[in-house]
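The values are calculated or read from the model by the stated rules, or taken from the named source; none is laboratory data. Small disclaimer: the values here were computed from a predicted structure and weren't measured. Using ideal geometry, Cβ is built from the backbone for each residue, glycine included, and neighbour counts are taken over all protein chains shown. Surface areas here come from the heavy atoms of the whole protein model, side chains and all, with no ligands, DNA or RNA. Shrake-Rupley method; radii C 1.70, N 1.55, O 1.52, S 1.80 Å.
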Amino acid sequence: ALLKFQPVLSISQTADAGWRVSESAPLLAGPEGCRVNSESRALANGKVTIWKRAGCKFAPGSGRLFVIGNSHALGYSPMLRQFALDTGHEVRLYFRSGCGYLVLNEPMDSLSTCRDYFKAAQSELRSELSPQDILFMPSLRLDQGEDQWGKSKAFTDQYRAASAMSEARRILTEFRNKNRALLVFEAPKPIV
């Protein structure tokens, strides 16, 4: 029964070669009178979506939630909107298709189509993050063997992985030392 009604029960689908998350999925009721306002802007061929709670009698929560990643980050959109409604914390989602942030098996600098986006996003994060903020970084960080279209993918080259780990260590150390925000990685999802 669950499989039969999956399209009705799920807020996301991974059929037809990609994530699909409904931006208009209804939220659970939040505090009385509250709603979530959404705004989006372009960022170096990517997108930043910001959700803020409005219309409430309550003061917004202190600190913000920043999220950056590929389609795995986009899959969290309904929960991020709900989090903004429930807590009053501003939520910012940085997304560019195919541009996983700190994927750990390939340096970000080697992804030429994503380079400008990563540079712009990191610059913004460096200037915006504060000790009260959280930076959540969900992205696929495991080798799949093949992509969602069935094309074989080479497994990680150890040299590239070592370079990616060094890059991640440098960036995360900088965020920790300069911005003091809480840094959160998503645990790997199962790969079939």
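For (1) assigned to a loop (DSSP other than H, G, I, E, B); (2) surrounded by 11 or more Cβ atoms within 10 Å (Cβ to Cβ); (3) modelled with pLDDT under 95; (4) of a type in the set (A, V, I, L, M), each residue gets a yes or a no:
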{"position": "Y117", "(1), (2), (3), (4)": "no, yes, no, no"}
{"position": "S139", "(1), (2), (3), (4)": "yes, yes, yes, no"}
{"position": "L142", "(1), (2), (3), (4)": "yes, yes, yes, yes"}
{"position": "A161", "(1), (2), (3), (4)": "no, yes, yes, yes"}
{"position": "A164", "(1), (2), (3), (4)": "no, yes, yes, yes"}
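Got at least one residue in the range 79-99 being of a type in the set (A, V, I, L, M, F, W, C), assigned to a loop (DSSP other than H, G, I, E, B) and open to solvent by less than 30 Å² (accessible area, probe 1.4 Å)?
Filtering the range 79-99 down to residues of a type in the set (A, V, I, L, M, F, W, C) leaves 79-80, 83-85, 91, 93, 95, 99.
Add one more test, that the residue is assigned to a loop (DSSP other than H, G, I, E, B), and what stays is 99.
Those still in the list that are open to solvent by less than 30 Å² (accessible area, probe 1.4 Å) too: 99.
There is at least one residue in the range 79-99 that is of a type in the set (A, V, I, L, M, F, W, C), assigned to a loop (DSSP other than H, G, I, E, B) and open to solvent by less than 30 Å² (accessible area, probe 1.4 Å).
Restricting the range 20-37 to residues that are within 15 Å of Y76 (Cβ to Cβ) and open to solvent by less than 80 Å² (accessible area, probe 1.4 Å), which is modelled with the highest pLDDT?
Step one: filter the range 20-37 for residues within 15 Å of Y76 (Cβ to Cβ), giving 20-23, 25, 27, 36.
Retained after the next criterion (residues that are open to solvent by less than 80 Å² (accessible area, probe 1.4 Å)): 21-22, 25, 27, 36.
Values: V21: 66, S22: 65, A25: 76, L27: 82, V36: 93.
Among residues in the range 20-37 that are within 15 Å of Y76 (Cβ to Cβ) and open to solvent by less than 80 Å² (accessible area, probe 1.4 Å), the one modelled with the highest pLDDT is V36.
Looking only at the range 40-77, filter to residues that are in a loop (DSSP other than H, G, I, E, B) and among the aromatic types (F, W, Y); which one of those is least open to solvent (accessible area, probe 1.4 Å)? Break it down stepwise before answering.
Our first condition is that a residue be in a loop (DSSP other than H, G, I, E, B); within the range 40-77, this holds for 44-45, 55-63, 70, 75-76.
Restricting the remaining residues to those that are among the aromatic types (F, W, Y) gives 58, 76.
Numbers: F58: 120, Y76: 50 Å².
Residue satisfying both the conditions and the ranking: Y76.
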